[in-house]
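Undergrad: Here's a structure for you.
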Amino acid sequence: MTISPDRIEELNALALEHVIPHFANNTMLSTTGPRIFDRGEGCYLYDIHGNRYLDTFASLLTTICGHHRSEVAQAIIEQLQRLEFFPNYEDAYTVPLIGLAHKLSQITPGDLNATFFVNSGSEANETALKIARQFHVHNGQPNRYKVIAREASYHGTTLGGVSATGLNWFREYFNPLIPGCLFAPPARRNDGGASLKAIVDLVEREDPKTISAIIMDPIPGSNTGYPLPPDDYLPAVRELCDKHGIILIFDEVQTGFGKTGKWFACKHWNVVPDIITLGKGFSGGYVPLGAAVVRKHIADSFRAPGKELRSGSTYGGHTIACAATLANIGIIERDHLVDRARDMGEYAASRLESLHKHRIVADCRGIGLLRAVELMADPKSRTPFPAHQPIGNFIRDWCYDHGMILRANGSILVIAPALVVTREQIDTIVDYLDQAIAAAMKHFGIV
Ligand code: PMP
């Protein structure tokens, strides 16, 4: 079905007039106009002009199994024909919700075994912070209110999520935020133990009995280009929490559901958090769903009569979302997409290494199918590009003009496609990046 030029013009105008995009990029909107998508198939998207794009960012890290999977559509239709929705309220459940909670108890690590369903990753983190606070109150420790997160982290857009987010851009208009949120430095592979020492010192300094939770993503997300922690970091943070009775929350909104080559990133270090938060790829992009999965002893503290968790929302655990998510997980299992992410990730890593032939490529890193290429004006002295050389934006736009959607955070290029990506598509991604980096160097006169 083609869309007429008149209708395209009208859609462009209506979009600009009536929609406030999330984290709107008004610079891009004012130069290129709205990008309006109409159709998806596997790793490809089609815009309203009929142009095809290879999506290297899986629709904001969601479409694990690719677009347009008939299995998910079928599960949604079947559920719609039985019962579109009943809330998971007080004493009420639905069949797909129970099935999904059971499945999560099987695929999440350790004794994580009971799920509180929400609608997004932000809400999942918001709820995890509330669960930690209420759990401590139940245990006679109402003074535990502080939260330790990490600098440069992103944990969501709600005020609780923003309070635990370490990137100032998301925080600056909303101060004062929730009191007691403190930030430890991010962990880096060869930091000589400095990041671990810093978080241990912070906990000791702040009086551990006032700390409710530590929240972190086991592998920080696309904003910082998936830097891996030192191997002893996460186990040591687990020990730190155990020693002081602090709840450990792993935000796996971005890293969960196979993207790292294991079901959850924390499995790479065999560390089990007290709460794991989920979103994005959890539902495969089909219907919004988030969750906080908690260890049994935490769930038990909310199960006695009179001790219910004081949180809830009308649509959290929507019936259709649970049915779609079960179908999404079914595809991941049936098609062995977790192993595929590991294998394709290794292939992508080996191909991306070839980009080091460009002298501005400072680092190719990541794990599984979460990869990043970091560019620097001078990689040897770790000198970043100056503001007047927006090299990442140039490369992003070059790729878009050539039919490829690429996420660029400053000069960090993110390659995180759906887990169904093929070797040929990875070759295309690397070839385009190669050409785009060369074009950017020429454009900015870099020799
Ligand atoms: N945590 C992480 C690590 C994320 O990447 C995101 C989304 N970018 C969130 C939380 C928030 O999820 P949502 O946008 O679904 O609210």
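The values are calculated or read from the model by the stated rules, or taken from the named source; none is laboratory data. Note that the coordinates shown come from a computational prediction; the quantities given were computed from them, not determined experimentally. Positions of Cβ are generated from backbone atoms using ideal geometry, with glycine treated the same way; all protein chains shown enter the neighbour counts. Please note that ligands, DNA and RNA were not included when accessible areas were found on the heavy atoms of the full protein model with its side chains. Shrake-Rupley method; radii C 1.70, N 1.55, O 1.52, S 1.80 Å.
Undergrad: Taking the condition of being within 16 Å of the ligand (Cβ to nearest atom) and either closer than 19 Å to G192 by Cα or assigned to a strand (DSSP E or B) (or both), how many residues in segment 246-261 meet it?
TA: 4
Undergrad: Now a separate question. Which condition breaks for T56 when tested against (1) assigned by TED's automatic domain parsing to the domain that holds R310; (2) farther than 25 Å from A291 by Cβ; (3) among the hydroxyl-bearing types (S, T, Y)?
TA: Answer for T56: the failing condition is (1).
Undergrad: Still on this structure: Report, by residue number, each residue of segment 97-116 that is open to solvent by less than 10 Å² (accessible area, probe 1.4 Å) and in contact with a Ser or Thr (Cβ under 8 Å, 6 or more places away or on another chain).
TA: Of segment 97-116, the ones open to solvent by less than 10 Å² (accessible area, probe 1.4 Å) are 97, 100, 104, 108, 112.
Result: L97, L100, L104, L112.
Undergrad: Please go through segment 124-147 and give me each residue that is assigned to a helix (DSSP H, G or I), more than 16 Å from the ligand (Cβ to nearest atom) and open to solvent by 10 Å² or more (accessible area, probe 1.4 Å), ordered by number.
TA: Selection gives R133, Q134, F135, V137, H138.
Undergrad: Continuing with this model, one more query. Condition first: without any contact (Cβ under 8 Å) to a residue 40 or more places away in the chain and in a loop (DSSP other than H, G, I, E, B). Now tell me which residues in segment 216-237 satisfy that.
TA: Result: D231, D232.
Undergrad: Further question: With the condition kept exactly as written, say whether any residue in segment 222-245 is within 10 Å of the ligand (Cβ to nearest atom) and in the same structural domain as G317 (by TED's automatic domain parsing). Reasoning before the result, please.
TA: In the first step, residues of segment 222-245 are kept if they are within 10 Å of the ligand (Cβ to nearest atom); the result is 222-223.
Still in the list and also in the same structural domain as G317 (by TED's automatic domain parsing): 222-223.
The answer is yes, given that some residue of segment 222-245 is within 10 Å of the ligand (Cβ to nearest atom) and in the same structural domain as G317 (by TED's automatic domain parsing).
Undergrad: Still on this structure: From N119, N168, which residue is surrounded by fewer than 24 Cβ atoms within 10 Å (Cβ to Cβ), within 16 Å of the ligand (Cβ to nearest atom) and in the same structural domain as A92 (by TED's automatic domain parsing)?
TA: Working: N168 fails: within 16 Å of the ligand (Cβ to nearest atom).
Matching residue, one of N119, N168: N119.
Undergrad: Say whether the condition of being within 16 Å of the ligand (Cβ to nearest atom) and either more than 17 Å from the chain's Cα centre (by Cα) or open to solvent by 10 Å² or more (accessible area, probe 1.4 Å) (or both) is met by at least one residue in segment 190-211.
TA: Scanning segment 190-211, I find no residue that is within 16 Å of the ligand (Cβ to nearest atom) and either more than 17 Å from the chain's Cα centre (by Cα) or open to solvent by 10 Å² or more (accessible area, probe 1.4 Å) (or both), so the answer is no.
Undergrad: Is there any pair linking a residue in segment 332-361 that is among the basic types (K, R) to one that is outside any helix (DSSP H, G or I), with Cβ under 7 Å and at least six apart or on different chains, and which?
TA: R340/L419; R342/G261; R342/G368
Undergrad: I need every pair where a residue in segment 148-172 that is part of a strand (DSSP E or B) has its Cβ under 6 Å from the Cβ of a residue that is within 11 Å of the ligand (Cβ to nearest atom), sequence separation at least 6 or different chains.
TA: Listed pairs, sorted by first residue: A149/A164; A149/I215; R150/M216.
Undergrad: Turning to a different aspect of this structure: Can you tell me how many residues in segment 391-413 are of a type outside the set (A, V, I, L, M, F, W, C) and more than 17 Å from N25 (Cα to Cα)?
TA: Initially, segment 391-413 is screened for residues of a type outside the set (A, V, I, L, M, F, W, C), giving 392-393, 396-397, 400-403, 407, 409-411.
Filter once more, so that each one left must be more than 17 Å from N25 (Cα to Cα): 401-403.
The total comes to 3.
Undergrad: For the subset of segment 185-215 comprising residues that are assigned to a loop (DSSP other than H, G, I, E, B) and free of Cβ contacts under 8 Å to residues at least 12 places away in the same chain, which member is nearest to G161 (Cα to Cα)?
TA: Pass one, segment 185-215, residues assigned to a loop (DSSP other than H, G, I, E, B): 185-193, 206-207.
Those left that are additionally free of Cβ contacts under 8 Å to residues at least 12 places away in the same chain: 192, 207.
Numbers: G192: 30, D207: 23 Å.
Filtering first and then ranking leaves D207.
Undergrad: Being surrounded by fewer than 24 Cβ atoms within 10 Å (Cβ to Cβ) and not β-branched (V, I, T) is the filter here; which residues of segment 269-302 pass it?
TA: W269, N270, Y286, P288, R295, K296, H297, A299, D300, S301, F302
Undergrad: Of a type outside the set (V, I, T) and in contact with a Lys or Arg (Cβ under 7 Å, 6 or more places away or on another chain): does that describe L352? I'd like the intermediate steps shown before the answer.
TA: Working: of a type outside the set (V, I, T): yes; in contact with a Lys or Arg (Cβ under 7 Å, 6 or more places away or on another chain): yes.
Spelling it out, L352 is indeed of a type outside the set (V, I, T) and in contact with a Lys or Arg (Cβ under 7 Å, 6 or more places away or on another chain).
Undergrad: Considering segment 308-331 alone, what residues qualify as being surrounded by fewer than 20 Cβ atoms within 10 Å (Cβ to Cβ), outside any helix (DSSP H, G or I) and either in contact (Cβ under 8 Å) with a residue 60 or more places away in the chain or not assigned by TED's automatic domain parsing to the domain that holds P96 (or both)?
TA: Of everything in segment 308-331, those that are surrounded by fewer than 20 Cβ atoms within 10 Å (Cβ to Cβ), outside any helix (DSSP H, G or I) and either in contact (Cβ under 8 Å) with a residue 60 or more places away in the chain or not assigned by TED's automatic domain parsing to the domain that holds P96 (or both) turn out to be L309, R310, S311, G312, S313, T314, Y315.
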